[in-house]
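**Q** Would you mind keeping the following structure in view while I ask a few things?
The values are calculated or read from the model by the stated rules, or taken from the named source; none is laboratory data. Please read all numbers here as calculations on a predicted model, not as lab measurements. Cβ placement follows ideal geometry from the backbone for every residue including glycine, while neighbour counts extend to all protein chains displayed.
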Amino acid sequence: MNTKKIALIGGPGTGKTTLINALRSKGYNCMEEISRQITLEAQEKGIEQLFLEDPLLFSEQLLLGRQKQFLEADSIDEEVVFFDRGLPDVVAYLDYLKSSYPESFKTICSQHSYDKVFILKPWKAIYEQDNERYETFEQALILHDFLVKTYTHYGYSIIDTPFGTIEERIDFILNHLNHSE
């Protein structure tokens, strides 16, 4: 079976993880966002915000973790696997920070393609900062633009996911997948 890989992307606080959790509860196979785990592991070692203190190390761990998830999806006997963020997110965030990174980052993004990419726009009504999410809403808006630019650069036609309830958003995504096969 050729598993379709679907990336849910968007800046911080746009509802991606909530959607992933809801899709999982409906029986869909979902790959979790791993940046929080990397952040928490670094905090246990006394590094408050690894992404801010060593963006390249953080991003390398993230890229390799997401690449592993991408490859794991090939062995899953499911029609669809959803990803909470995709590989090009790593490059978009580094570009946002104006950080340099090895050419291998771009190569990995080019070599692993998602079948569909749904973007969730920054939504003021649901935006919250927390222990791992330090960005302001204004920064989330800028990050959104970097994500659009980066995914477009890699040849994706990004699908805008409208605001709405969790169910409405899931219905939009599933309907889009069912009608585009």
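**Q** Restricting the range 36-50 to residues that are of a type in the set (A, V, I, L, M, F, W, C) and either in contact with a Ser or Thr (Cβ under 7 Å, 6 or more places away or on another chain) or exposed (fewer than 14 other Cβ atoms within 10 Å of the Cβ) (or both), which is farthest from TYR96 (Cα to Cα)? Full working, then the answer.
**A** Residues of the range 36-50 of a type in the set (A, V, I, L, M, F, W, C): 38, 40, 42, 47, 50.
Subsequent filtering for residues that are either in contact with a Ser or Thr (Cβ under 7 Å, 6 or more places away or on another chain) or exposed (fewer than 14 other Cβ atoms within 10 Å of the Cβ) (or both) retains 40, 50.
Details: LEU40: 22, LEU50: 16 Å.
Filtering first and then ranking leaves LEU40.
**Q** PHE146: in a helix (DSSP H, G or I), of a type in the set (Phe, Trp, Tyr), touching a residue at least 24 places away in the same chain (Cβ under 8 Å) and in contact with a His (Cβ under 9 Å, 6 or more places away or on another chain), yes or no?
**A** The answer is no for PHE146.
**Q** Before we move on, is TYR114 assigned to a loop (DSSP other than H, G, I, E, B), closer than 28 Å to ILE173 by Cβ, touching a residue at least 12 places away in the same chain (Cβ under 8 Å) and of a type in the set (Phe, Trp, Tyr)?
**A** On the way: assigned to a loop (DSSP other than H, G, I, E, B): yes; closer than 28 Å to ILE173 by Cβ: yes; touching a residue at least 12 places away in the same chain (Cβ under 8 Å): yes; of a type in the set (Phe, Trp, Tyr): yes.
Yes; evaluated as a whole, the condition is true for this residue.
**Q** Return the pairs, sorted by first residue and then second, in which the second residue is part of a loop (DSSP other than H, G, I, E, B) and not charged (D, E, K, R), the first residue lies in the range 157-181 and is under 25 Å from PRO88 (Cβ atoms), the beta carbons are less than 6 Å apart, and the residues are 6+ apart or on different chains.
**A** So the pair list comes out as PHE163/TRP123.
**Q** Shifting gears a bit: Here's a check for you: in the range 72-88, which residue that is in contact with a helix residue (DSSP H, G or I) (Cβ under 6 Å, 6 or more places away or on another chain) and in contact (Cβ under 8 Å) with a residue 40 or more places away in the chain is surrounded by the most Cβ atoms within 10 Å (Cβ to Cβ)? Please lay out each step first, then the result.
**A** Just the residues of the range 72-88 that are in contact with a helix residue (DSSP H, G or I) (Cβ under 6 Å, 6 or more places away or on another chain), to begin with: 81-82, 84, 87-88.
The next check asks that each one be in contact (Cβ under 8 Å) with a residue 40 or more places away in the chain; those that pass are 81-82, 84, 88.
Numbers: VAL81: 22, PHE82: 25, ASP84: 26, PRO88: 29.
By that ranking, first place goes to PRO88.
**Q** Being more than 24 Å from ILE170 (Cβ to Cβ) and within 17 Å of the chain's Cα centre (by Cα): is that true of GLN69 here?
**A** no
One line per residue, one yes/no per condition, for (1) under 26 Å from LYS4 (Cα atoms); (2) part of a helix (DSSP H, G or I); (3) touching a residue at least 60 places away in the same chain (Cβ under 8 Å); (4) touching a helix residue (DSSP H, G or I) at 6+ places or on another chain (Cβ under 7 Å):
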position: GLN67; (1), (2), (3), (4): yes, yes, no, yes
position: PHE70; (1), (2), (3), (4): yes, yes, yes, no
position: VAL90; (1), (2), (3), (4): yes, yes, no, yes
position: SER104; (1), (2), (3), (4): yes, yes, no, no
position: THR107; (1), (2), (3), (4): yes, yes, no, no
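**Q** Yes or no: the range 103-120 includes at least one residue that is modelled with pLDDT under 95, surrounded by 18 or more Cβ atoms within 10 Å (Cβ to Cβ) and not hydroxyl-bearing (Ser, Thr, Tyr).
**A** Of the range 103-120, the ones modelled with pLDDT under 95 are none.
Looking for residues that are modelled with pLDDT under 95, surrounded by 18 or more Cβ atoms within 10 Å (Cβ to Cβ) and not hydroxyl-bearing (Ser, Thr, Tyr), one finds none in the range 103-120, hence no.
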